[in-house]
1. What ranking of E57, E252, E211 emerges when the number of other C-beta atoms within 10 Å of each C-beta is taken as an exposure proxy, fewest first?
2. In the chain, if the dipole is taken from +1 on Lys/Arg beta carbons and -1 on Asp/Glu beta carbons about the Cα centre, which of W11, N108, A247 is farthest to the positive end?
3. P(r) tail for the range 165-257, what percent of Cα pairs lie past 19 Å?
4. At q = 0.14, 0.23, 0.24 Å⁻¹, work out log10 I(q)/I(0) for the range 1-113 with the Debye formula, treating every Cα as an identical point scatterer and leaving solvent out; two decimals please.
5. In the neighborhood of L232, defined by Cβ-to-Cβ distances under 13 Å, what is the net charge if each Lys or Arg adds +1 and each Asp or Glu adds -1?
6. Around S46, what is the net charge, scoring Lys/Arg as +1 and Asp/Glu as -1 over all other residues with Cβ under 12 Å from its Cβ?
7. Could you tell me the distance between the Cα centroids of the range 155-175 and the range 235-257, to the nearest Å?
8. Of K22/K153; K4/K200; K59/K224; K4/K116; K53/K169, which sit over 30 Å apart, Cα to Cα?
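What follows is calculated from the coordinates using simple rules that are stated; it is not laboratory data. Just so it is clear, the structure is predicted and the values come from calculations on it, not from any experiment. Cβ coordinates were reconstructed from backbone atoms using ideal geometry, including for glycine residues, and neighbour counts include every protein chain displayed.
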Amino acid sequence: MNRKIIIAANWKQNGTSKSLNKLASSIIKGINKTTRKCEIVLLPPSIYVNEIKKLLETKKPYNVFLGIQNISPYNNGAYTGEISISMAKELQCKFCIIGHSERRIIFNEDQISLAKKLTLAIENQVKAIYCVGETLSEFRKNMTKKIINNQLKQGLDRSLKLLRKNPEKLIIAYEPVWAIGTGKNASEKDIVNTHKYIRKILFSMFGTLSEKIRIIYGGSVNNKNANTILNLNDVDGVLVGGASLNAKKFVEICSSI
């Protein structure tokens with residue numbers, strides 16, 4: 001099955017109103033000139049989502065979508081500092097990241113809260129980029145498959161019925177924790193084998209519907225290695241961190257398909 005490539009820009013906790021508007025404008029300008037073969041997702045810090053929304057409404061790039069980096073595991077209520085899925089949806093966020101390793105490790109998010117977030121996203125028809133991946137210690141102990149199996153089963157089980165009706169709303173992002181922001185990459189062989197294993201687990205959970213679920217790679221993706229990564233088997237896109245803060249580099253990544 002041909003699955004549309006997705007290129008997601010995770011800007012994390014970076015930028016200012018002025019710099020991110022300039023960045024988004026430059027990306028949109030470059031994308032319109034170079035490629036329309038993929039879905040491009042911009043994920044700004046939450047406080048700037050509305051500004052990027054307005055920019056997209058003005059520029060109207062048909063293949064660029066807005067996303068949010070995190071959502072609350074709860075609906076609206078007394079949860080100070082949180083952003084509910086309904087708030088994100090009101091701002092026209094079509095995508096959300098769930099379970100990024102920085103959320104798991106730094107903010108101690110557990111599988112129970114991640115499973116709740118995933119359910120809320122799918123219930124609200126927001127595409128969930130659900131992140132899985134092993135630490136360096138786990139990688140060295142050959143625990144990659146065990147870790148990913150647990151993360152997939154524990155994260156998706158709660159939403160199985162919903163996902164079977166909407167499998168295209170789920171995107172799995174394999175991000176080896178030891179490769180994020182380090183300049184190190186998993187080897188081509190490791191990426192292929194891990195994506196193949198993820199596809200196998202998804203098939204065990206969803207049968208042939210699993211073919212509608214995209215699997216993307218994240219971990220020091222840049223304009224120099226993106227083409228190689230995107231041409232590997234079972235790689236349906238990339239989740240880009242640092243390189244997405246440079247418009248020229250990010251456009252080159254989008255153009256490397």
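1. By the 10 Å Cβ count, ascending: E57, E211, E252.
2. Farthest along the dipole direction, towards plus: A247.
3. Value for the range 165-257 (Cα pairs over 19 Å): 40 percent.
4. The Debye formula, applied to the Cα set alone, gives -0.62, -1.35, -1.42.
5. -1
6. 0
7. So the separation of the two Cα centres works out to 24 Å.
8. K22/K153
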